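The values are calculated or read from the model by the stated rules, or taken from the named source; none is laboratory data. Since this is a predicted model, take the numbers as computed values, not measurements. Please note: Cβ atoms are built from the backbone with ideal geometry, for glycine as well, and neighbour counts cover all protein chains shown. Just so you know, the surface numbers come from the protein's heavy atoms only, side chains and all, with ligands and any DNA or RNA stripped out. Shrake-Rupley method; radii C 1.70, N 1.55, O 1.52, S 1.80 Å.
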Amino acid sequence: MSLHFPVLVVLIPLFGALLTFFAGLFRRTWAWHITTYATLLSFVVSLDLLMSVRATGRISYWLGGWAPPWGIEYVVDYFSGYILVVISFISFMIAVFAGPYVKKQIGPERELNFFVLYLLLITGLLGMVITGDIFNVYVFLEIASLSGYALVAVGKKRGAVVASYNYLILGTVGAVFVLLGIGHLYMVTGTLNMADLRERLPDLYHSRVVLTAFVFFVIGFGLKFALFPLHTWLLSAHSLAPSAVSAILAAAVLKVNLYALMRVMFTVFTPAFVYEAVPITEIFFVITPIAILVSSVMALAQTNIKRMLAYSSIGQIGFIVLGIALANETALTGSLLHMLNHALMKGGLFLLAGVIIYQTDRYHITDWKGLGKTMPLTMLVFTIYGLSMVGVPLTAGFVSKWYLAIGALEAGRWYFIPVILVSSLLTAVYFWRIIEWGYFHEPDDPEDAKDRCHVPWAMMIPIMVMAFLLLFFGVAAFIPEGPARQAAAMLLGMQ
Amino acid sequence: MIEIIAGKYNYWIYISLMMIGFYAMIAKGNLIKKIVGLNIFQTAVFLFYISMAVREGSTAPILLSRAHGALTPETATYTNPLPHVLILTAIVVGVSVTAVALALAIKIYRAYGTLDEYRIAKLEQDAE
């Protein structure tokens with residue numbers, strides 16, 4: 001049975017989606033239950049895969065028994081195992097949250113649509129992570145993207161439909177660029193298997209076709225994970241989508257597309273090519289500090305909580321890309337840890353925003369007067385997330401920023417440390433505003449305080465579990481650090 | 001110069017088509033015209049894949065029997081079937097993208113009563 005775990009990771013949510021649809025026709029609540037169990041099951045399977053990879057090394061699964069490079073190969077190594085666990089865990093947490101949230105905020109008539117699309121999105125994301133075939137990446141990318149576009153538009157806000165449309169147009173341009181990149185590589189090598197491409201490409205590194213392919217990959221995936229100048233779609237899509245959808249988009253979809261680019265950079269191409277033959281790191285060194293600082297300043301100017309979080313995502317993506325560009329093991333470990341931490345933090349923050357909107361229907365933080373009194377637990381958890389976003393010691397956010405800072409020093413680029421510090425300071429300012437409105441202002445109407453406390457536990461528990469993990473990983477940093485360092489060493493070819 | 005253009009003319013067509021589609025997506029204000037542009041943009045990539053599969057004087061990759069006259073399995077050159085298969089997948093994806101985009105366009109029209117990008121932006125501004 002465990003022999004087939006690599007393919008089961010993808011098949012569980014896929015068949016879950018089918019089952020959700022038919023079961024949901026009979027009874028609506030089954031849709032939520034099946035989604036939760038399907039994501040839980042794929043989390044357990046991913047965890048088992050990561051354990052066995054750490055014990056025995058790379059797992060290669062031949063789909064249909066066809067040997068690579070002819071057949072499609074699923075690969076679980078340190079890197080994909082780590083990301084699989086992160087993505088499946090986050091999707092499980094958000095699935096638990098979604099039950100009561102969707103019923104009220106999206107409406108019972110669209111509940112079924114939401115859960116089917118959600119499971120299809122998870123199928124696409126997990127498939128992108130686990131596959132070792134580059135055309136398969138494109139297919140899963142489109143499965144994930146199409147369900148993502150539909151999920152953005154599933155809410156009640158009419159602006160969300162326009163946001164979804166813009167996301168679709170730019171997302172498709174990105175996907176077509178990826179497809180062109182694949183075509184260029186196939187044209188010169190005649191293979192689609194990543195490991196096989198890695199062997200054949202070094203002879204062709206001088207070729208302009210290969211360089212063009214690389215540029216197509218960077219821009220294509222860059223559009224998908226909102227690399228700084230290509231981020232415009234993210235703001236409206238993430239801020240107008242229902243909160244549970246914003247959470248999965250920010251926590252999982254951005255990460256997986258970033259993962260796909262890293263796969264192409266380090267597995268299809270080699271670190272030597274990426275860092276020496278093309279000026280890609282020089283470009284990243286220019287755009288990531290701008291992304292980090294500009295997005296922090298812009299986040300400061302927002303009063304709509306979800307728009308503020310969307311701006312902050314762009315800066316956090318900048319941190320991860322900076323770690324990749326710094327090209328040493330410490331910085332890359334920092335990047336990988338930040339992928340986990342940002343998934344937990346931004347996922348949790350969007351869910352918290354969802355909780356507050358669920359209870360009060362207030363989107364602007366200036367309306368959050370006295371929430372510390374009326375929703376004490378929610379605001380307490382918000383404070384923990386805020387501290388982790390700032391990067392206060394003893395929270396997980398500190399660990400990854402610390403690794404990035406040390407990595408910058410090791411690379412001899414000390415001038416990125418002030419960038420990290422200033423951005424942390426700005427983050428502190430924009431989260432402080434929420435704390436101030438929540439704790440230091442009296443509520444407008446103290447009478448309505450009582451019924452605000454009854455947030456369904458299914459919504460609060462995932463948020464609290466993730467907040468606990470942020471504190472736990474801040475102290476016991478060695479737990480995520482082990483797999484992340486192994487993955488970083490593998491990517492840079494030191495192992 | 002002429003040889004470069006004429007010898008690889010299908011690649012030139014693919015680039016022109018792609019730019020036409022790209023232009024429509026950027027410059028047109030009508031949401032349906034943008035979708036048309038998107039389709040042209042995707043179709044250009046199909047042409048690119050099909051062009052790279054072809055070899056001069058090649059035939060379909062079917063095992064030839066003696067009945068085919070001059071062409072024998074030993075002498076015939078074959079077209080590469082794999083890009084065709086890949087592009088079948090990409091065509092299916094393209095159809096799905098178009099379907100989702102059109103569905104969104106219908107929802108936008110129902111919500112705003114227009115398909116013009118600028119008018120929608122203005123309506124959104126007024127609503128805020």
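General observations
- Residue A:258 open to solvent by less than 10 Å² (accessible area, probe 1.4 Å), in a helix (DSSP H, G or I) and more than 20 Å from residue A:165 (Cβ to Cβ): yes
- Contact map, the range A:482-493: first residue of a type in the set (Lys, Arg), second residue surrounded by 19 or more Cβ atoms within 10 Å (Cβ to Cβ), Cβ cut-off under 6 Å, separation 6 or more or different chains; pairs are A:485/A:333.
- Going through (1) open to solvent by 10 Å² or more (accessible area, probe 1.4 Å); (2) on the phi > 0 side of the Ramachandran plot one by one, residue A:267 falls short only on (2).
- For the range B:41-51, the criterion of being at pLDDT 85 or above, more than 10 Å from chain A (Cβ to nearest Cβ) and within 30 Å of residue B:114 (Cα to Cα) is met by at least one residue.
- Helices (runs of 4 or more DSSP H) fully within the range A:327-424 that include at least 3 residues being buried (at least 24 other Cβ atoms within 10 Å of the Cβ) and small (Gly, Ala, Ser): A:329-360, A:396-410.
- Residues in the range B:80-104 that are buried (at least 19 other Cβ atoms within 10 Å of the Cβ) and facing another protein chain (nearest Cβ under 8 Å): B:83, B:86, B:90, B:93, B:97, B:100, B:101, B:104.
- Filter result for residue A:96 (in contact with a Pro (Cβ under 6 Å, 6 or more places away or on another chain), modelled with pLDDT of 90 or more, of a type outside the set (Phe, Trp, Tyr) and under 14 Å from residue A:132 (Cβ atoms)): no
- Pairs with Cβ under 7 Å, 6+ apart, first in the range A:240-256 and closer than 27 Å to residue B:124 by Cα, second of a type in the set (D, E, K, R) and crowded, with 24+ Cβ neighbours inside 10 Å: A:250/A:346
- If you go through the range B:8-60 and keep only what is open to solvent by 60 Å² or more (accessible area, probe 1.4 Å) and within 27 Å of residue B:107 (Cβ to Cβ), you end up with B:22, B:23, B:26, B:28, B:32, B:33, B:36, B:43.
- When the residues of the range B:10-26 are filtered to those that are more than 10 Å from every other protein chain (Cβ to nearest Cβ) and of a type in the set (A, V, I, L, M, F, W, C), the one that is nearest to residue A:165 (Cα to Cα) is B:24.
- Taking the conditions (1) closer than 20 Å to residue A:222 by Cα; (2) within 14 Å of chain B (Cβ to nearest Cβ) in turn, residue A:83 satisfies each one other than (2).
- In summary, helices (runs of 4 or more DSSP H) completely within the range B:1-58 and bearing 3 or more residues that are within 20 Å of residue B:96 (Cα to Cα) occur at B:9-27, B:31-53.
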